[in-house]
Amino acid sequence: MLFFERLAGFLWGVPALSLFLVCGVCLTVKSRFFQLRALPAALLSPFSKGKGRDGSSFRAACVAIGGSVGVANISGVSTAVVTGGPGALFWMLAASFFGMIIKVAEVTLASFYKVKRGGRTWGGPTYYMESFFGAKGRAAAITFGAGIMLSLFLNVQNCAVSEAVSHAFSVPVMIPSLLLAALTYITVAGGLSAIGRASLYLVPLMCLFYVGCVGTVLVKNAGNIIPSLKLIIKDAFDFRPIAGGCAGAALRTGLARSVYSNEAGWGTSPMAHAAAEVSHPVKQGLMGELEVFVDTAVVCMATGLLVVCTGAYESGLSGAPLALFAIESALGPAAKICVSLSVFAFGLSSALSWYAYYATLIYHAFKSEKARKRAMEAVTLLSPLFGVLVTLFVQKSGGGSRLLWALADLSAVFPAIINLSALIFMRNRFGAVLRDFEASSGTKILNKTEKRGKIKA
């Protein structure tokens, strides 16, 4: 376990941190701090509906949010506080500042370069890399897609959810693991449209319920909030080694978990956003900004404050059981059971959203319809199955949540490096699309009647 943690710590150290910051700064300067100027419009963007077979812009965003707002916000954040200290929360939030503009850029470009084939709309990093860079972009796109497909074998949702439900109901871990796999099989049998419909209802309800429970706990521990915030800030700038880890553990853990949680720069959620029909690509980019805000500033910070304010992070637990322990200590066993069911819904929504991502990658990688069909059949069969196998492996190895999230961090870093590099080279194209949007909008942020101008692709 220590080897994987150190390797993940190294890769999410200087290599990924430098690239993330360079990309974030370049896009922030190019857009003139668009993530700040557009934040009010992003918060209102769910009320602007699109059209088309794949549903509204909000439905596409729900699929993307369902993929990002998941077990990483509960199990991943709790483990980050244990591994990197309370200061990891500060760096998670700081990373989301650049994460918002990175997400706006990748979603906008995905919407700009999307294609319509086979009666559906497809888009994402694989499409904009190949369209912008040509033959070299094709190689980068295939490498990126292969990196994302690694998550098929490192299915963390199943394990994290199973731990939480097992802890709450005192049942063997494999029972909720098999149940989640069965529900995933049943839902994906209905195709991508069924996934969109399920996410449309699951995502808003589970977010509101979980944040409501955590908010109740924080109200009961209101006297600890200010001291906890001071501890988080102090610990964020303490770069001494902790818990056998490396120096700067808070910064590295916070960055890695921020990217894995809100997926900014990872390149996954643009594949879901591209399905939306909107009057301008930047409009869907605003949905991407909303996604990062909800994921990190709301749900992740709620979990982080929960385990720090209650002092639960010093209990020796980690992962989802740590968050459940904090809730139970304040609200009683019944609340723990209710929240564990919410965690189960988080895991299901994440699993369904990732199925949509796999479909996009497969459709891009294979030109033969027969090959696409066979690949999708394999993914449909293997994705839930590997989730069960990962859960079994973690339980047998005794590594627990720390091993699980070390492997998850490793699976995220390579696609993120490829996608962030592409976004840096495509910053001028993003700037051109953004200028077109602002020039056609009377408010320079949102306009109900703006028309898409002519932008050289």
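The values are calculated or read from the model by the stated rules, or taken from the named source; none is laboratory data. Being a predicted model, the structure only gives us computed values, none of them experimental. Heads up, the Cβs are rebuilt from the backbone with ideal geometry, glycines too, and the neighbour counts pull from every protein chain shown.
Data for the structure
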read-out: Meets criteria (in contact with a helix residue (DSSP H, G or I) (Cβ under 6 Å, 6 or more places away or on another chain), in a helix (DSSP H, G or I) and at pLDDT 85 or above) for residue 265; value: no
read-out: Residue in the stretch 101-115 that is assigned to a helix (DSSP H, G or I), small (Gly, Ala, Ser) and closer than 26 Å to residue 344 by Cβ present; value: no
read-out: Any hit, the stretch 211-232, residues being within 24 Å of the chain's Cα centre (by Cα) and modelled with pLDDT of 90 or more; value: yes
read-out: Considering residues of the stretch 266-324 that are aromatic (Phe, Trp, Tyr) and either surrounded by 24 or more Cβ atoms within 10 Å (Cβ to Cβ) or more than 14 Å from the chain's Cα centre (by Cα) (or both) only, the residue farthest from residue 107 (Cα to Cα); value: 313
read-out: Cβ pairs under 6 Å, 6+ apart, first in the stretch 76-99 and over 22 Å from residue 163 (Cβ atoms) and without any contact (Cβ under 8 Å) to a residue 40 or more places away in the chain, second among the hydrophobic types (A, V, I, L, M, F, W, C) and crowded, with 24+ Cβ neighbours inside 10 Å; value: none
read-out: Unique residue being out of contact with any helix residue (DSSP H, G or I) (no Cβ under 8 Å at 6 or more places or on another chain) and modelled with pLDDT under 85 when the list is 37, 32, 6, 59; value: 6
read-out: Residues that are in contact with a strand residue (DSSP E or B) (Cβ under 7 Å, 6 or more places away or on another chain) and surrounded by fewer than 17 Cβ atoms within 10 Å (Cβ to Cβ), drawn from the stretch 101-135; value: 115
